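Down below is the structure, laid out as structure tokens.
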Amino acid sequence: MNAPLPNSAKKSFKDWQYAFTSHIRDPENVAIPDGIEERRIKIYSELFYNNVEGFISGGFPILRSLYSDDDWHLLVRDYFKNHKNHTPYFLELSQEFIEYLQHERETHDNDFPFMLELTHYEWVELALEIDETEIDYSKIDTDADLLKGHPVLSPLAWPLSYQFEVHKISPDYIPTEPSTQATHLVVYRDIKDEVRFMEINPVTARLLYLLNEDKNLSGQSALEKIADELQHSDKNAVINGGLDTLRELKERNIILGVSI
């Protein structure tokens, strides 16, 4: 049998519900609604917060490792208190947390300058782990010439660029300034469904960008374009070096073959 609602709830269930959830979000500053035992609501408050904190910690383990316990819980509590989630799915909490950091969180003295880039990098790993994309190999020739055809980038390989060396950040390496040059990475899922990353140079990053932008561009045409952009004196050297790169990317399952 359900317990009767408090008198205040009988007058306005919505108001009572709002008061209840407001206290759950911010138990230190919002009073317990009338008619609710402190012991009981404390159980709800700790349960909700611990669930959310656990998923945030699990989704961003590197970021978590950089904070003291007190500072970390201040950060997560501020998110829990102020952010209005748009999804009920725990697996999407990482995106909600990034949304909060990007658009809602006020700057704090102990915020890391790379926080947004690091959380994006950590989110990509989770996103690729759970991505259900099925690759249609009927439109790909896995043995064709990578120069003559259009090399196909796996949908489970994401080229990324950051100002900070996000893949190196740890409690032993906490940069305070961006790198002098952008960091280019490919985060990808290999044939064993393991998420991995590969650091690439600006030329390889440009090659992947060109191939992703123009689905009719052959490997050779893309490399010739890059040679022209670099104003390289030996175009063949660029093409031969680029072919070696394409072959390595194919071995890693970043390039799947050429389109049919």
Which condition breaks for Ser218 when tested against (1) surrounded by fewer than 17 Cβ atoms within 10 Å (Cβ to Cβ); (2) farther than 21 Å from Leu160 by Cβ; (3) not β-branched (Val, Ile, Thr)?
-> (1)
Residue check for Tyr173: in contact with a strand residue (DSSP E or B) (Cβ under 7 Å, 6 or more places away or on another chain) and among the aromatic types (Phe, Trp, Tyr) | no
Complete set of residues in region 222-260 that are among the β-branched types (Val, Ile, Thr), under 16 Å from Leu210 (Cβ atoms) and touching a residue at least 40 places away in the same chain (Cβ under 8 Å) | Ile239, Thr245, Ile254, Ile255, Val258
Would region 205-227 turn up any residue that is in the same structural domain as Asp141 (by TED's automatic domain parsing), under 31 Å from the mean Cα position of the chain (by Cα), over 23 Å from Thr133 (Cβ atoms) and of a type in the set (Asp, Glu)?
-> no
Got a sec? Which of Val124, Val187 is assigned by TED's automatic domain parsing to the domain that holds Ile254 and either on the phi < 0 side of the Ramachandran plot or over 21 Å from the mean Cα position of the chain (by Cα) (or both)?
-> Val187
Within region 128-152, residues being assigned to a helix (DSSP H, G or I) and surrounded by fewer than 17 Cβ atoms within 10 Å (Cβ to Cβ) number 5
Applying the selection to region 166-184, what residues are over 13 Å from the mean Cα position of the chain (by Cα) and either closer than 20 Å to Glu129 by Cβ or crowded, with 18+ Cβ neighbours inside 10 Å (or both)?
-> Ile169, Thr183, His184
Within region 173-184, work out how many residues are free of Cβ contacts under 8 Å to residues at least 60 places away in the same chain and in contact with a Phe, Trp or Tyr (Cβ under 6 Å, 6 or more places away or on another chain).
-> 1
Every residue from region 223-251 that is within 17 Å of Tyr137 (Cβ to Cβ) and either surrounded by fewer than 18 Cβ atoms within 10 Å (Cβ to Cβ) or hydroxyl-bearing (Ser, Thr, Tyr) (or both) = Glu251
Scan of region 134-153 for residues that are out of contact with any helix residue (DSSP H, G or I) (no Cβ under 9 Å at 6 or more places or on another chain) and of a type outside the set (Val, Ile, Thr), ordered by number = Glu134, Asp136, Tyr137, Ser138, Lys139, Asp141, Asp143, Ala144
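The values are calculated or read from the model by the stated rules, or taken from the named source; none is laboratory data. Because the structure is predicted, anything quoted here is derived from the model rather than measured. Cβ atoms come from the backbone with ideal geometry, glycine included; neighbour counts cover every protein chain shown.
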